[in-house]
1. Restricting the first residue to the range 126-144 and requiring it to be under 23 Å from Leu50 (Cα atoms), which pairs with a second residue that is surrounded by 19 or more Cβ atoms within 10 Å (Cβ to Cβ) and β-branched (Val, Ile, Thr) meet a Cβ separation below 6 Å and a spacing of at least six or different chains?
2. Just to verify a result, which residue in the range 72-99, among those that are polar (S, T, N, Q) and either surrounded by 16 or more Cβ atoms within 10 Å (Cβ to Cβ) or touching a residue at least 12 places away in the same chain (Cβ under 8 Å) (or both), is farthest from Ala330 (Cα to Cα)?
3. With respect to Met123, determine if the residue is touching a residue at least 24 places away in the same chain (Cβ under 8 Å), in a helix (DSSP H, G or I), within 19 Å of the chain's Cα centre (by Cα) and buried (at least 18 other Cβ atoms within 10 Å of the Cβ).
4. Report whether or not Leu198 is free of Cβ contacts under 8 Å to residues at least 40 places away in the same chain and within 22 Å of the chain's Cα centre (by Cα).
5. Tell me the residue from Asp133, Asp183 that is over 23 Å from Thr295 (Cβ atoms), loosely packed, with under 12 Cβ neighbours inside 10 Å and not β-branched (Val, Ile, Thr), please.
6. With the range 232-300 as the region, which strands (runs of 3 or more DSSP E) entirely inside it contain at least 2 residues that are over 14 Å from the mean Cα position of the chain (by Cα) and in the same structural domain as Asp339 (by TED's automatic domain parsing)?
7. Could you list, in sequence order, the residues of the range 289-316 that are within 23 Å of Trp142 (Cβ to Cβ) and surrounded by 19 or more Cβ atoms within 10 Å (Cβ to Cβ)?
8. How about the range 100-120: which of its residues are hydrophobic (A, V, I, L, M, F, W, C) and free of Cβ contacts under 8 Å to residues at least 40 places away in the same chain?
Amino acid sequence: MDNERPTPLLENPEGTRKKLESWLSQHRGHSVTIPALNIPEATGMSNVTLLFDVEWQEHGATHSEPCVGRLQPEIERPVFPSYDLSLQYEVMASIGKHSTIPVPQLRGLETDKSLLGVQFYIMRRTDGLIPADMPPYNMDGWMVHATNQQQRVQMWHAAVDTMAEFHRLDYRTLGFGKLASRDKTPLQQQLDYWEDYLQWSMEGAQHTICRTALDWLQAHQPSDEPTVLCWGDSRLGNIIFKESLDGVAALLDWEMAVLGNPLQDLAWFNYLDATFAEGLGIPRLPGLPSYADTTARWEKASGFSARDYDYYTVFAGMRYGIILSRIMLATGQEEQVQDNFACQLLQKTLQRLT
């Protein structure tokens, strides 16, 4: 296997197509075909994405359903030390069952690696529009060229309102009380994870900026925090918007779901947008609400306080800084491990808030 490729299955797309065809036929209880398998070039290090249509015959007519496959990555230097596709799947299944929060319609999970060599799950492809990451949505793409300021306000507010609605869900009702620890707060659990991640991701090297942020976060932990199931990767690029741009069609990518203060999702949402503006030295798209107005809207919609917003802004910067530094290291860009735009923005954030 070529370790530069995301997964070994990409070396045999036709074999993968036939295996998925057989698996889905057994899963659905009737014969289906997959005419073609599309593997986007942008698929990568966090998850591998497959796009395909599933076709079957019923009552003399041909039916078709667009689907997406998400596969566990298999590369020499992954972004994360481990991946739990079953947790991602369980989170979406539970949210879909217990709420009206829009998530993808699921079609099956396979944790046995014998079929494709990795775990995977299948979901129905959701119609709509997703803001681009590459190039960033406030630099180029449909949000720049095909939306006006009013539509951007609608999109932003729809995202914040949907996130706030999600935060009102009880994590115990959703079935995730099992993620709680008897000995540690949810925040301390997360900080312990990022301590381990920093050491693992840097492969023993020092990271002055993220080390400074983690030390500050350990020393200034808020007390008496609320606990909910947090999305983890709450950002515009993980949202499918309705084509009318006045609502959310689906929230995507739950691989970082964790128990914690819901404020961390809001801070991540704002901070990740800031990395595409201040972090890159370009202005935000006209019409996008300010972070202060966004925070006030989320407080009103969710019922939670933003008292510790500055803390969770640093928390967001630390997390994104380490992740992007890991990507730089894993792709042979060692000179950018601490000089990347995420770490430079984190350093500015630390100077401003600590």
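The values are calculated or read from the model by the stated rules, or taken from the named source; none is laboratory data. Just so we're clear, the structure is a prediction, and the values are computed from it rather than from any experiment. For neighbour counting, all protein chains shown are included, and Cβ atoms are generated from backbone atoms with ideal geometry for every residue, glycine included.
1. Pairs found: Thr126/Ile240; Gly128/Ile240; Ile130/Ile240.
2. That would be Ser99.
3. Here the answer is no, as Met123 does not meet what is asked.
4. No.
5. Asp183
6. Correct list: 248-251, 258-260.
7. Listed by number, the list holds a single entry, Thr294.
8. Within the range 100-120, Leu106, Leu109 meet the criteria.
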